[in-house]
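Presented below is the structure to which this report refers.
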Amino acid sequence: MSEVRSEYLYPCHGIHSALPKGRASGQLTICKTHLMFTVNDKTVQLGFAELEISQGGASDRLIFFNHPACADWRFYCSDRSVLKNPYLKQAPHLNSVMAKATRKRQFNWLVLTVVVLLCVLVPVGLLANLGTGSKMIAKQVPVEWEESLGSSSFDQYSLQSELMDEQRGELLLAPLVQPLLEVLPNKRYQYQFYISDDSELNAFALPGGVVVINSGLILAADSPEELLGVLSHEIVHVREQHGIRNLISSAGTYLILSAILGDVSGLMAVVVDSAPLLINQGYSRQFETQADEQGFDMLVTANIDPKGLPLFFNKLLDKEAKMLESIEDEDQRGLIETGLGFLSSHPATKDRIENLEARAASIDAEFIVLDEAFFKLQDAVAEFVVKHEEPESGL
């Protein structure tokens, strides 16, 4: 139990017209029966009766004392321990005021603590859950910016690639992809499909709706369902803004928080500078699983057999295993793995494939037949590849 002294001393300030500049510092003495303020050479003694105590100043840090007997004076103390003074607590009308002041101070500290924690935890939370955070920010990106970013990336890619005539490619792909596009829940993007003369078994999507399909992937597929399984997967990457969200997640906490508050300019500068990274980028397991599941649902809604996607994944894995089993050199293994482009950027793990196979096995329905359009596409792509492989004749 703490000892009760005969008097308690606190630093204080007095406000009065007779003081230099209207105020001066001094000392507050609290005794058992009264308070005494000594400011400069003036001393004011006040009884507990009719004494008023209140809070003020920034964050209510100051304790003010007023008394009708000295209405022209006002005193305040910055030492908040005065609220715990045992003599003041003994005065019934002051005890409740001081308890209220203490509770208010505690509440203010609680609010401050919560604000500080939010300032720390929000960035940490964003970093720990970038998938959710990036999705919220990506929705603020205008479609025109996404289209411009995708177009810029595609232009860089096309400078070093041989592409099938755009009009011919669209004509061949239209009957195959149209069922998928018709079931999309919104028309945010105008999808554009291109065929590239590239033997890698790969396809990739860019923000804004650009999808590039390698000739190697088209020729390796044995059915339209396999090709459309891959394309549904790529369409989901576009629709869910996975490319943009990847760039947002790598932009840094400050830019992410700025974007959440509505300022996307700094974030967009980073995104535009990162355009080359969008081609053949890797996706997180979360994004790949989402592309699997939503792509599967899209196929079913479009009345296309969903078995094509896991079938093609298995085909790629088998081909990779056969190519790698006889190669001991690690560098050569790396080149082979890169050559299977879709697997290098879309790693098809066994559990993902098994999940797709299990879902497909539970579906019993009649699906549309697209064989004619698919084999017509394959013939045209094979002709396109041979044409570019033929050496130019000299004069």
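A few notes on this one:
- Ranked by how many other beta carbons lie within 10 Å on average, peptides 357-366, 212-221, 378-387, 73-82 from highest: 212-221, 73-82, 378-387, 357-366
- 5 angstrom amide H check on Asp198, placed H, neighbours 5+ away: Ser215, Gly216
- Pairs beyond 30 Å (Cα-Cα), from Lys187/Lys376; Lys139/Lys307; Lys187/Lys322; Lys42/Lys89; Lys350/Lys387; Lys135/Lys187: Lys139/Lys307; Lys187/Lys322; Lys350/Lys387
- Shape box of segment 7-100 [Cα atoms, principal axes, largest first, Å]: 35, 30, 23
- Couplings 3J(HN,Hα) for segment 213-228, derived from phi with the Karplus relation 6.51 cos²θ - 1.76 cosθ + 1.60 (θ = phi - 60°), are 10, 6, 4, x, 5, 4, 6, 7, 6, 9, 7, x, 5, 5, 5, 5 Hz, where x marks Gly and Pro.
- Likely footprinting exposure, Lys42, Lys350, fewest C-beta neighbours within 10 Å first: Lys350, Lys42
- Karplus-derived HN-Hα couplings along segment 11-17 (A = 6.51, B = -1.76, C = 1.60, θ = phi - 60°), whole Hz, x at Gly and Pro: x, 8, 9, x, 10, 7, 5
- Relative exposure of Arg245, Arg188, judged by other C-beta atoms within 10 Å (fewest first): Arg188, Arg245
- This ranking places Ile30, Ile244 by how few other beta-carbon atoms lie within 10 Å of each, fewest first, which gives Ile30, Ile244.
- Residue by residue, segment 47-53 carries 3J(HN,Hα) couplings of x, 5, 5, 6, 5, 10, 10 Hz when phi is fed to the Karplus relation 6.51 cos²θ - 1.76 cosθ + 1.60 (θ = phi - 60°); x denotes Gly or Pro.
- Computed FRET value (nearest 0.05) for Ala49 with Ser25, which takes r as the C-beta separation and R₀ as 25 Å: 0.40
Rule-based calculations on the coordinates, nothing more; no lab input. Note that the coordinates shown come from a computational prediction; the quantities given were computed from them, not determined experimentally. FYI the Cβ positions are ideal-geometry reconstructions off the backbone, even for glycines, and counts take in every protein chain you see.
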